[in-house]
Structures are given as structure tokens and as C-alpha cells.
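*Asks:* Quick one: the structure is below, and I'll ask about it shortly.
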Amino acid sequence: MDVAPIHQTLLDLIHLAVLPAWALLLFAPRWAWTDRIVHSGLYPVGLGLVYVGFVIASVLTGPPDTQIDFATVEGIAAIFTHPFGVLTGWVHFLVFDLFVGMWIGRDARRQRITHWLVAPCLVFAFVAGPLGLLLYFGIRRKWSIDPEVA
């Protein structure tokens, strides 16, 4: 796969764009601006628009002979044979991992779970979304104030 400098630049910009949201979730979870910026949905909507742009770019610039088939490994792999396909997939991960992190942050606040327990969950959600969510569910089960959770 030939990657043009623009594709690397776009990837770098996406990474830079998402880092402030994670920093706010980790280091300023109760700050009013964290609610305004992160929990408002601004980030998922913004990244969702980037995602749509990459989907369109993938369709317009991707190789026309590639068969995309979501029922086969080869068909799914074909999506990632083009740099815009890779960028689309990566934004997909970033949006959903951030959404999971946002939910963990809000739920932990509702459940009055100390941030010291939640912070590792957020780190894992950032680098491996489902792992962070699983860790949080374990912590939530043990330290939740809601008797329905346990």
C-alpha cells in the first residue's frame, strides 16, 4: 500500500484531535469544561463527520476492482488495502473507544466511584477499548453505590 504524506498528516491530526478529550477525562473529570467539551457529544460528532469524509474519500479514490464483502475475512481486509480505508477504520475505533471512555466517566460519577479506580479503566479504554470497559465493569460491580449493579 502506497501511503502519501497527506495520509500520514491526516492520521497525525486525528491523533492530536482526540488527545485533549482523553486528557480531560483522565486529569479533569469533574471540571465544567470537560462536561462542555467532552460529555456534550462534540467529540463523537466531530470525529463522526471526519469518518463520513473518509468513507466518501475511500469510495471516490479506492481501487475499483476491490470487492468488499463483510461476510469474509478477505472482503473486510480489502477495505484496508487503501489508505483512506485504514484512516476510516482507525477513526471508527477512536470514536467508539472515546464514547466508551465518556460513558465510563459519566457512569463512575453517578456511581460515586473514586477516580483513582476509574483512571486505569480510561487508559485501557484509550488503547484497547473493550479491555477498559471490561475492567470498569469489574470495578463497577465491586464499588458501585447502586445495589442494582451488584
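The values are calculated or read from the model by the stated rules, or taken from the named source; none is laboratory data. All values reported here derive from a predicted model rather than from experimental measurement. Calculation scope for accessible area: heavy atoms of the full protein, side chains included, ligands and nucleic acids excluded. Shrake-Rupley method; radii C 1.70, N 1.55, O 1.52, S 1.80 Å.
*Asks:* What does the helix-only formula give at 222 nm for the chain: each DSSP H stretch with n ≥ 4 adding -39500 (n - 2.57), the total divided by the residues, and the result rounded to the nearest 500 deg cm²/dmol?
*Replies:* That calculation yields -24000 deg cm²/dmol at 222 nm.
*Asks:* With the full set of protein chains in place, find how many percent of the accessible area of the chain is carbon and sulfur; take the probe as 1.4 Å. Walk me through the numbers on the way to the answer.
*Replies:* On the way: 6600 of 9170 Å².
For the chain, the apolar C and S fraction of the accessible surface comes to 72 percent.
*Asks:* Scattering from the C-alpha atoms of region 1-132 alone, worked out with Debye: what is log10 I(q)/I(0) at q = 0.13, 0.21 1/Å?
*Replies:* -0.61, -1.16
*Asks:* Specify the angular offset, from 0 to 90 degrees and rounded to the nearest 10, of the alpha carbon long axis of helix 5-27 from the longest principal axis of the alpha carbons in the chain.
*Replies:* The two axes meet at around 10 degrees.
*Asks:* Hey, in the GNM for the chain with a 10 angstrom Cα cutoff, which one of Trp22, Trp31, Trp90 fluctuates hardest?
*Replies:* Trp31
*Asks:* A further question on this structure: Accessible area per residue of the chain at 1.4 Å probe, in Å²? Kindly include the intermediate steps, with their values, before the conclusion.
*Replies:* On the way: 9170 Å² over 150 residues.
Heavy-atom SASA per residue in the chain reads 61 Å².
*Asks:* Another question about this same structure. With a cut-off of 8 Å between alpha carbons and a minimum separation of six or more residues, what is the relative contact order of region 1-123 in percent?
*Replies:* So the answer I get is 32 percent.
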